[in-house]
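*Asks:* One structure follows; several queries about it will come next.
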Amino acid sequence: MAAAALRSRGGGAVLATLLQPRRGYKSTFRASELELQRSQALGTPPAPRDLVFGKFFTDHMLTVEWERERGWGRPKIGPFRDLRLHPASTVLHYAVELFEGLKAFRGDDDKIRIFRPELNMERMQRSAKRVCLPEFDGDELLECIRALVRLEGRWVPRDPQSSLYIRPTFIGTEPTLGVSPPGQALLFVVVCPVGPYFSGGFGPIRLLADPQQVRAWPGGAGHCKLGGNYGPCLELQEEARARGCQQVLWLYGPEQLLTEVGTMNLFVFWERPDGAPELVTPPLDGLILPGVTRQSLLELAHKWGEFAVREAPLPMGAILEALKAGRLREMFGSGTACVVCPVGEILYQEQVLSVPTMENGAKVTTRFLRELNDIQYGRVPSAWAQPV
Ligand SMILES: *Cc1c(COP(=O)(O)O)cnc(C)c1O
């Protein structure tokens, strides 16, 4: 009888019924239910020149708990504190964890703006799906983040090269060693003031390109911002440092495709063999983290309409050929931390390849930096920069 019902209704419908949340289950938290407990011990924001990335945190943090039976609890902003976790918490054993990174900027007009945060909310939902962390309404989280940034306003540096870095994090907290979707989870957001990325001036970096290790692979999770993707990158990152390089140039496959630079997306500005200038970045084929900066640069370049813009694979062979023919003009990484970061050299098979980004005036690279900064600091009105 039950089997007949299953057949007649179709497996999908039955599954949907079985998965129907219980009565009273809350499928999202609501910013309107935000609880605020103010800290009694307020810190002193460091001067912008003393800021070190990710070392200084503000007075408050946002937390929201989720539980399988009841769903989401009320979001809370309270004093910044250590977390208490059961030693068997899913996150500690199986890296059921994701994070995001975005920034708030204090404009010349003293208004605080967040850069394209809805894109981070969407990416966060995609990451959550991959590790079976629960859904929530991204607009509600964004509203809670705005409340946190407004509350911590005095921590948003008054400096045209500094900003407030926002780190949403989502972890599985169920106290079990079973490998299964967590029945308990914690979403939290901490924020920290960050200083100029190029404190020593806008200088080019040297990359280590070593095909022995890969960051991501087809069918993997390299396109999701999961903590589990980053720990395994440290060994080669350290090797890079030991060999005088600042970042790893992540290659993939027999064609040695250039994929990403450290934790940045990669762009090349070159002349095609027919002489036409072109901006190229690898396509979102699963190996690439879909950066908000990457998307913004592509959209800007399309809007300028001054050169071809292409999302296409970049094999090492094509780079070597372009370098040899003098057609490669600029190479840079892109990401929230720096916006753009010029590449000057690549250490590849015991050879140092010289990339003439600075020699060519880093014209495209710096134009991207200037235009995005102008938007972020509110010098140019744009829907990409949203006042909190
Ligand atoms: C976060 C990240 C980027 C850059 O993304 P943005 O949204 O532009 O900051 C690029 N690659 C990796 C691997 C990343 O983790």
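The values are calculated or read from the model by the stated rules, or taken from the named source; none is laboratory data. Quantities reported herein were computed from a predicted structural model and do not represent experimental measurements. Note that we place each Cβ from the backbone using ideal geometry, even for glycine, and neighbour counts take in every protein chain shown. Heads up: the accessible areas ignore ligands, DNA and RNA and are worked out on the full protein's heavy atoms, side chains in. Shrake-Rupley method; radii C 1.70, N 1.55, O 1.52, S 1.80 Å.
*Asks:* Tell me the per residue accessible area of the chain using a 1.4 Å probe; a whole number in Å² is fine.
*Replies:* Here the per-residue accessible area is 48 Å².
*Asks:* What order do you get for 268-274, 147-153, 35-41 when each peptide is scored by the mean count of other beta carbon atoms within 10 Å, highest first?
*Replies:* Ranking, from highest mean packing down: 147-153, 268-274, 35-41.
*Asks:* While we're on this one: What does the charge count near Lys363 come to, summing +1 for each Lys or Arg and -1 for each Asp or Glu among other residues with Cβ under 15 Å from its Cβ?
*Replies:* Combined, the nearby Lys, Arg, Asp and Glu give -3.
*Asks:* Separate question: How much length is gained on full extension from Glu299 to Asn360, taking 0.36 nm per residue of separation minus their Cα-Cα distance?
*Replies:* 19.7 nm
*Asks:* If you take the alpha carbon radius of gyration of the range 205-387 and divide it by 2.2 N^0.38 Å, what ratio comes out, to two decimals?
*Replies:* For the range 205-387, the normalised Cα radius of gyration is 1.00.
*Asks:* Follow-up question, since we're still on this one. Starting at the first residue of the range 256-265, write each ³J(HN,Hα) from the Karplus equation 6.51 cos²θ - 1.76 cosθ + 1.60 with θ = phi - 60°, in whole Hz, x for Gly and Pro.
*Replies:* Values, residue by residue: 6, 5, 6, 10, 9, 10, x, 10, 10, 6 Hz.
*Asks:* Can you flag which of Lys26/Lys303; Lys225/Lys303; Lys55/Lys225; Lys55/Lys111; Lys103/Lys324 are past 30 Å Cα-Cα?
*Replies:* In this structure, Lys26/Lys303; Lys103/Lys324 exceed 30 Å between Cα atoms.
*Asks:* Something else about it: At 222 nm, what helix-only mean residue ellipticity would the chain give, in deg cm²/dmol to the nearest 500, using -39500 (n - 2.57) for each DSSP H run of four or more?
*Replies:* So the helix-based figure for the chain works out to -7500 deg cm²/dmol.
*Asks:* Still on this structure, please answer the following. Using only alpha-carbon positions, what ratio does the radius of gyration of the chain give when scaled by 2.2 N^0.38 Å?
*Replies:* Relative to the 2.2 N^0.38 Å estimate, the chain comes out at 1.08.
*Asks:* Around Lys55, what is the net charge, scoring Lys/Arg as +1 and Asp/Glu as -1 over all other residues with Cβ under 15 Å from its Cβ?
*Replies:* Neighbourhood net charge equals +1.
*Asks:* In the chain, what percent of the accessible surface is made up of carbon and sulfur (1.4 Å probe, ligands and nucleic acids excluded)?
*Replies:* On the chain, the fraction of accessible area on carbon and sulfur atoms equals 52 percent.
*Asks:* Could you work out the local net charge near Phe136, counting Lys and Arg as +1, Asp and Glu as -1, over the other residues with Cβ closer than 11 Å to its Cβ?
*Replies:* Its environment carries a net charge of -2.
*Asks:* Starting from the Kirkwood radius over alpha-carbon pairs of the range 217-302, derive D by Stokes-Einstein at 10 °C in a medium of 1.306 mPa s and give it in µm² s⁻¹.
*Replies:* Estimated via Stokes-Einstein, D reaches 110 µm²/s.
*Asks:* Amide H of Gln247 versus every other amide H placed in the peptide plane: which residues, excluding those fewer than 5 positions away on the same chain, fall under 5 Å?
*Replies:* For Gln247, the qualifying residues are Arg206, Leu208.
*Asks:* A follow-up question, please. Alpha carbon centre of the range 197-236 versus the range 296-367: separation in Å?
*Replies:* 17 Å
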